[in-house]
Amino acid sequence: MAEQQSYYGTGRRKTSVARVWVSPGSGNITINNRTPESYFHRETWTLHAFEPLDVTNSKEKYNVKVFVTGGGLTGQSGAVRHGIARALLKANESYKSSLKSAGLLTRDSRMVESKKYGKRKARRGQQFSKR
């Protein structure tokens with residue numbers, strides 16, 4: 001029996017890392033063995049995470065299995081989005097133009113700035129008082 005081809009993509013955002021497997025199927029999506037609606041409590045996070053499937057019109061063509069760790073839910077939805085885009089690119093090279101024009105293949109490199117000594121946070125200093 002022939003095994004179905006599965007395509008892998010890694011997505012990262014802030015401190016979150018998503019491992020994504022995309023395989024031809026009927027559109028089943030799981031995130032950490034849960035449904036997207038039960039994992040991402042807000043609809044905006046769910047829509048943001050699965051934007052690559054909407055851009056390529058392939059929501060019903062592929063099954064998506066995601067394991068995501070680290071960070072908060074906003075960073076995790078961005079990591080899932082990046083991972084799905086990379087996996088779809090491996091699955092079908094013709095998606096490259098639509099994914100690239102939507103800006104889904106670029107990793108968002110913005111991270112939290114580290115705290116500096118002598119400061120309260122990364123940039124916030126002590127409050128000045130003349131007296």
Select, from 125, 83, the only residue that is over 19 Å from the mean Cα position of the chain (by Cα) and among the small types (Gly, Ala, Ser).
125
Do the conditions hold for residue 39, that is, is it hydroxyl-bearing (Ser, Thr, Tyr) and touching a residue at least 60 places away in the same chain (Cβ under 8 Å)?
no
Could you tell me which numbered condition residue 59 fails, if it satisfies all but one of (1) of a type outside the set (Gly, Ala, Ser); (2) at pLDDT 95 or above; (3) in contact with a Phe, Trp or Tyr (Cβ under 9 Å, 6 or more places away or on another chain)?
(2)
Can you confirm whether residue 102 is farther than 20 Å from residue 4 by Cβ, within 10 Å of the chain's Cα centre (by Cα) and among the aliphatic types (A, V, I, L, M)?
no
Selected residue (criterion: surrounded by the most Cβ atoms within 10 Å (Cβ to Cβ)) from residues of segment 101-131 that are among the charged types (D, E, K, R) and in contact (Cβ under 8 Å) with a residue 24 or more places away in the chain
108
Does residue 80 qualify as being in a strand (DSSP E or B) and either crowded, with 19+ Cβ neighbours inside 10 Å or not basic (Lys, Arg) (or both)?
no
If residue 47 passes every condition in (1) surrounded by 19 or more Cβ atoms within 10 Å (Cβ to Cβ); (2) free of Cβ contacts under 8 Å to residues at least 12 places away in the same chain but one, which one does it miss?
(1)
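The values are calculated or read from the model by the stated rules, or taken from the named source; none is laboratory data. Being a predicted model, the structure only gives us computed values, none of them experimental. Cβ coordinates were reconstructed from backbone atoms using ideal geometry, including for glycine residues, and neighbour counts include every protein chain displayed.
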